[in-house]
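To start, the structure under review is shown below, and the notes come after it.
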Amino acid sequence: MKGSSLISTSEAGTSAPTLAALVGLSPGGAVAENWFLAGDVWGAVAPSASSGGSFGFGAFGVSIRHNFLPANIFVALAPAVTLLARDGQASVGARAGYGVKLTAGKEWWVADHWALGAALQGLFSVNDDPPQGGSGNLRGLTWITFGVGLAFSATF
């Protein structure tokens, strides 16, 4: 899936919503009638309103999807391990955290085995920043990221 999202990342009580480019890939297959299991890799890149730089968000996990036929409407739940990088430097980023992506959408068949559609997505993540050793900060920060967005889907 590919689309755009409104994402908000908060650090130490401040939040900065921003528009982000969101991209994802979920290769998998059917495990039962109308039930699908897939690996799920997704992420976003956005400017950071608080630092003037940018931040990147990435996640990998599994996706569980159910199709409601014959309407070809679907819902999916994707728990994931998440990573957050600030100002384009992964070494300055937060530790691995946890997150989830919820998706609901509709697809239309365009060929025998191809469907294209649109979906509404919501995502949530929590990442802990490591303590800053030289600055005397013994306790790191917690980053909470959430977002909603529209995505376009293609299913084969």
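The values are calculated or read from the model by the stated rules, or taken from the named source; none is laboratory data. For clarity, every value in this text was computed on a predicted model and none was experimentally measured. Cβ sites come from the backbone with ideal geometry, for glycine too, and all protein chains shown count toward neighbours.
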* Asked: Being at pLDDT below 90 and either more than 24 Å from residue 156 (Cβ to Cβ) or of a type in the set (Asp, Glu) (or both), is that true of even one residue in the stretch 103-112?
  -> yes
* Please give the strands (runs of 3 or more DSSP E) falling wholly within the stretch 1-70 in which 2 or more residues are at pLDDT 90 or above and farther than 19 Å from residue 128 by Cα. => 28-32, 35-47, 54-68
* Asked: Which condition breaks for residue 73 when tested against (1) within 16 Å of residue 155 (Cα to Cα); (2) at pLDDT below 90; (3) aliphatic (A, V, I, L, M)?
  -> (2)
* Just name the residue that is farthest from the chain's Cα centre (by Cα) out of those in the stretch 80-89 that are surrounded by 15 or more Cβ atoms within 10 Å (Cβ to Cβ) and modelled with pLDDT of 70 or more. => 85
